[in-house]
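Below is one structure, written out as structure tokens, with a few remarks after it.
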Amino acid sequence: MVVAVSNNFSASSLDFNGFGGLSQPTALVWGADGRLYVTEVDGDVHVLTIAFGDPDPNDGDTTAQFYVTEQVTLNHVKSIPNHNDDGTANAATKRQVTGIDVTPQFDANGAPVMIGGKPAVTVYVTSSDSRIGAGGGGADANLDTNSGVITKLTQTGPNSWDAVDIVRGLARSEENHALNGLEVIQVLDASGKLVSERLIVANGGNANNGAPSNHFAGQQETAYSAAILEVDLTMLASMPVLTDGGRKYVYDVPTLDDPALPGAADGNDPFGGNDGFNGGKIDPAGPISIYSPGYRNAYDVEVTEDGRVYTYDNGANNLWGGRPIGEAGDNGATSDFAQALGYIALNLNNGDGSTKDPMSLVAWDPKNYDQMHEVTRSDDLAGRVLAAGQGGAQTYTLDGLTYVYGGHPNPTRAEGSRAGLLFTPEAGVGNAFLLVSNVDSAGNGGGSDYDEVIAWLQAVEANNAAYPTLGVYGADDQELTRKVLAVTPGVLYDIYGFADGSGQVVVAGGAAPQGGTFLGKAGLPADIGEIIAAANPVEGNYLEGGFTDGALDSGKGSINGLTEYTSTVLDGGGVDMSGALIAASLNQGSLIVIGRDANGVVQTATGSSGETLAADRTVLQAGGGPLGLASIGDEFGAMGLNNAFRGSIWVATYKQNGPFIEIFQPANGAVPLAGQDITDETDADLDGLNELIDPFEFSAENGYALEVGQKIVLDFTQQNTNFPGTLSDTGFLGAALDGVTPNQDARTAAENFPAGQQQDGLYDNGGNIIPGGNAPTFQIKNAQPGTAVGSANSARDAVHTGIRPDPDVGRILATLDMANWIPSQQGGIVEGQVSGLMFGDGTQSNFLRIVMGAVGGTPYLEVGVETGDVYQRITRVDVPGLADPAVTGIELRLEIAIDAGFAVGAAYRLDGAADFVALPLNGFVLPQGVLRDVLTGAHQIAGQTSGAAIGLIAEDVAADTLT
């Protein structure tokens with residue numbers, strides 16, 4: 001098929017013209033009043049009045065730009081009171097905000113409202129607890145898992161607003177998955193009066209693949225999580241406005257009656273989800289319903305002008321958590337297996353291969369594709385064809401309507417009370433137990449929920465010897481059943497664990513069982529049977545993103561913001577852009593342009609790895625890490641804007657050269673263009689060193705200045721904004737040079753870049769590395785074959801930061817906290833598979849490193865040095881403890897005493913150990929030359945001083961896979 005969409009755009013950035021600027025913008029939208037509304041991740045909403053022309057006629061520069069003439073900041077959302085997960089007040093003064101929409105305002109009679117000669121607007125903003133927990137350590141940050149709020153800001157004057165929290169108590173994950181993008185649908189009659197309003201909003205999931213896991217702090221999917229929701233704004237408008245602590249609100253999501261919190265109204269309901277035990281429950285008569293379920297973390301929704309609804313979901317990551325126990329899976333391609341007889345989707349933890357989950361039945365990896373779906377419900381589809389790719393759209397019918405299921409399981413909605421609630425007394429899923437009702441709370445006429453669950457898990461355990469068998473994988477005898485405890489709903493229990501992994505409940509205050517260790521108190525809510533209105537078994541089925549889920553497009557790199565391109569300015573001459581969809585790929589720094597046919601349908605094709613791709617598709621390179629998107633169509637004049645705004649795309653650049661607003665204008669000569677920024681594609685930091693010789697392509701200073709006593713910490717959390725403009729804002733400044741490959745992000749066919757836009761690079765952001773993102777970790781999905789040792793210089797997973805020590809610095813200490821991957825490697829370790837900490841000049845020719853690997857099944861640590869491509873092993877020490885699955889991590893340390901003749905020290909500390917263990921180096925000191933020069937300021941590249949590179953490296957051998 002001939003591509004009809006276009007990437008013929010000219011880029012510029014918004015000039016804030018002396019106004020305040022932005023910090024980590026997450027979403028943006030143009031209002032009918034001609035102003036741009038932008039959210040920041042910490043809760044502020046900025047209202048920007050923007051002009052096009054010469055910002056300063058007196059400065060001698062006549063270049064036209066988009067520039068700000070007024071900036072108004074709204075703090076109504078940021079000031080929402082916060083809570084802990086038990087409902088008690090929390091003193092935090094910010095909110096996580098990722099969604100906004102702005103609509104024309106209508107009065108009580110449905111007539112449009114004007115203020116100051118412009119359309120008055122109403123702003124809708126989503127927010128939740130700003131804390132982020134989970135990650136590799138499974139940390140529970142005590143954030144409020146019921147903290148999702150939708151706030152309505154009604155304009156009352158040119159710059160005045162009335163705030164009402166119209167919905168409170170929606171789900172929030174322990175990760176950063178949350179209440180996200182939204183769009184309001186307004187229905188007008190023939191005279192232009194408002195008839196009805198509803199809101200479509202994406203709510204993120206609490207799990208990686210449906211089952212609780214360590215990486216998501218043991219949290220389970222709840223009644224409203226992992227779904228596209230519909231909110232009836234017309235119904236909410238008919239409800240009374242109430243007050244709580246002086247703040248106005250309308251509707252609280254009803255919550256379960258948690259026995260750990262006394263009274264039917266648990267504390268500060270609806271806040272304080274208590275990890276699901278006080279979570280929301282479906283109110284079939286309320287204003288919130290499930291529009292389309294099954295999305296792990298859809299960041300945005302887009303309602304097109306022809307009434308179709310789309311979303312782009314963030315796909316599952318390998319080793320972050322698995323599917324519900326016993327879920328059937330697929331054939332590894334495009335055929336989804338039917339579930340086994342008796343299958344029950346449970347909220348029982350499953351790591352699916354992760355060494356940090358005590359229950360990790362199958363070494364299984366999702367393919368890690370983000371995927372775009374059309375999710376239009378049958379009444380909105382109105383007889384038209386629903387677009388779907390490989391596997392076809394999975395749909396179900398309820399109350400006469402047909403719904404689309406996206407493929408991310410939610411056991412709670414699939415089973416109701418039978419899914420149980422997971423009690424997690426420790427970080428992650430340590431000593432976790434599934435509490436299940438000892439009566440028929442599900443109301444299906446069978447035995448007790450507990451009896452049915454045990455029967456299913458016994459079937460899974462019985463299948464162990466025959467694994468793999470179509471439909472159900474196996475487990476050891478009692479491995480699963482001992483983790484399920486029968487309880488009476490409404491009763492609070494003391495819960496005890498035993499050395500064999502089993503547990504026991506005792507009514508709170510009762511005698512402790514002999515040999516048991518007290519873990520905590522919990523119990524099923526008395527109304528657990530009311531958690532959903534009806535079970536929806538389709539939501540227990542996992543569908544592989546881009547292969548079996550009916551997706552229309554797929555990609556990698558965290559694809560988030562969505563917008564429809566409605567302008568006709570580029571149409572003609574074989575180009576058809578009006579009606580196209582545009583998606584923002586955060587870590588790949590690009591916009592994906594997806595065409596639709598004359599019927600509004602996205603046609604699909606198959607990518608090089610078998611994944612679904614939109615048939616009409618191109619990529620537009622962005623200037624940083626794009627997150628939110630907005631566009632302006634042909635109605636720019638009605639908004640009070642000039643022709644330069646026509647057909648423009650506006651991008652909230654969250655990181656990697658951000659924060660800023662980037663603007664793309666159609667470059668076909670139809671509109672006046674903003675002046676181009678000075679750029680050099682071979683020199684990202686514009687320091688005069690091209691990407692073949694610059695080890696620090698994200699630092700014009702070639703490393704961070706380091707003073708005595710100063711510490712530089714790269715923790716890979718989105719809440720750390722210390723490293724803007726670096727590799728995905730992580731603090732990494734580049735990769736170890738090989739002399740021939742550009743120090744840039746590889747853009748590959750596997751990532752669906754067109755042939756003309758593919759490029760080689762020393763690392764693959766999004767395709768093979770996950771730099772922070774949803775969790776405070778830097779993940780290499782599969783170490784690429786190659787090594788820095790000797791003259792090969794073929795390593796592809798060697799990224800680093802850089803330092804320029806002050807002359808007074810006498811000692812450098814570098815520490816790497818790394819996951820212990822050795823026990824998890826299927827088939828054992830191959831010689832040459834290593835990872836660790838590296839110091840050097842930023843090339844693969846001169847370095848000092850400490851790495852871990854294994855030979856003959858025995859793990860080791862090796863310290864070695866290389867100068868001029870000649871490698872010398874300093875020491876290799878066996879470390880048998882690394883073979884222990886209970887050892888989930890290791891810290892590696894290098895020390896260089898500049899003031900003691902550049903003496904080198906190396907040490908390690910296994911997870912849980914109190915002290916570092918020094919490795920014998922026999923008095924080794926750094927050799928004379930470049931490895932000393934990078935620490936003293938004597939090293940230069942093309943006449944420029946360049947510092948020391950310190951980072952991580954992972955190496956693999958051909959025909960094997962190190963994950």
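The values are calculated or read from the model by the stated rules, or taken from the named source; none is laboratory data. All figures in this text were calculated on a predicted structure; none of them were measured in a lab. As a convention, Cβ positions derive from the backbone with ideal geometry for all residues, glycine included, and neighbour counts pool all protein chains shown.
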When you scan the stretch 335-353, do you find a residue that is surrounded by fewer than 24 Cβ atoms within 10 Å (Cβ to Cβ), of a type outside the set (Lys, Arg) and within 24 Å of the chain's Cα centre (by Cα), even just one?
yes
Which numbered condition ASP257 fails, given (1) within 30 Å of HIS373 (Cβ to Cβ); (2) over 22 Å from the mean Cα position of the chain (by Cα):
(1)
Residue, nearest to the chain's Cα centre (by Cα), within the stretch 747-776, restricted to residues that are under 18 Å from GLN844 (Cα atoms) and surrounded by 20 or more Cβ atoms within 10 Å (Cβ to Cβ):
ASP764
Identify, from the list THR122, THR126, the residue that is surrounded by 21 or more Cβ atoms within 10 Å (Cβ to Cβ) and either assigned to a loop (DSSP other than H, G, I, E, B) or in contact with a Ser or Thr (Cβ under 6 Å, 6 or more places away or on another chain) (or both).
THR122
Report, ordered by the first and then the second residue, all pairs with beta carbons closer than 7 Å, sequence separation of six or more or different chains, a first member in the stretch 392-405 that is within 27 Å of THR612 (Cα to Cα), and a second member that is small (Gly, Ala, Ser) and assigned to a strand (DSSP E or B).
TYR403/SER292; VAL404/SER292
Listing of strands (runs of 3 or more DSSP E) fully contained in the stretch 574-635 that carry 2 or more residues being in contact (Cβ under 8 Å) with a residue 24 or more places away in the chain and buried (at least 19 other Cβ atoms within 10 Å of the Cβ):
580-585, 590-594, 612-614, 617-621, 625-631
From the list GLY832, GLY828, which residue is touching a residue at least 24 places away in the same chain (Cβ under 8 Å), assigned by TED's automatic domain parsing to the domain that holds ARG876 and in contact with a strand residue (DSSP E or B) (Cβ under 7 Å, 6 or more places away or on another chain)?
GLY832
Looking only at the stretch 502-546, count every residue that is closer than 30 Å to ASP283 by Cα and either of a type in the set (Phe, Trp, Tyr) or in a strand (DSSP E or B) (or both) and tell me the total.
3
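Let's see how each residue does on (1) on the phi > 0 side of the Ramachandran plot; (2) modelled with pLDDT of 95 or more; (3) of a type in the set (A, V, I, L, M, F, W, C):
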position: GLY245; (1), (2), (3): yes, no, no
position: ALA264; (1), (2), (3): no, no, yes
position: GLY286; (1), (2), (3): no, yes, no
position: VAL301; (1), (2), (3): no, yes, yes
position: THR304; (1), (2), (3): no, yes, no
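Residues that are surrounded by fewer than 20 Cβ atoms within 10 Å (Cβ to Cβ) and assigned by TED's automatic domain parsing to the domain that holds ASP549: list the strands (runs of 3 or more DSSP E) wholly contained in the stretch 376-456 that include at least 2 such residues.
Where strands (runs of 3 or more DSSP E) fall fully within the stretch 376-456 and carry at least 2 residues being surrounded by fewer than 20 Cβ atoms within 10 Å (Cβ to Cβ) and assigned by TED's automatic domain parsing to the domain that holds ASP549, they are 394-398, 401-405.
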All positions within the stretch 277-302 that are closer than 23 Å to ASP252 by Cβ and of a type in the set (Lys, Arg)
LYS281
Can you give me the number of residues within the stretch 732-746 that are surrounded by 24 or more Cβ atoms within 10 Å (Cβ to Cβ) and either of a type in the set (A, V, I, L, M, F, W, C) or under 22 Å from the mean Cα position of the chain (by Cα) (or both)?
6
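Would you mind finding the one in PRO425, PRO411 that is under 13 Å from GLN220 (Cα atoms), touching a residue at least 12 places away in the same chain (Cβ under 8 Å) and not acidic (Asp, Glu)?
Going through PRO425, PRO411 in turn, just one is under 13 Å from GLN220 (Cα atoms), touching a residue at least 12 places away in the same chain (Cβ under 8 Å) and not acidic (Asp, Glu): PRO411.
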Looking at the stretch 702-718, is at least one residue closer than 17 Å to ASP745 by Cβ, among the polar types (S, T, N, Q) and crowded, with 23+ Cβ neighbours inside 10 Å?
no
Can you confirm whether the stretch 934-957 contains a residue that is in the same structural domain as GLY828 (by TED's automatic domain parsing), farther than 17 Å from LEU848 by Cβ, assigned to a loop (DSSP other than H, G, I, E, B) and out of contact with any strand residue (DSSP E or B) (no Cβ under 9 Å at 6 or more places or on another chain)?
yes
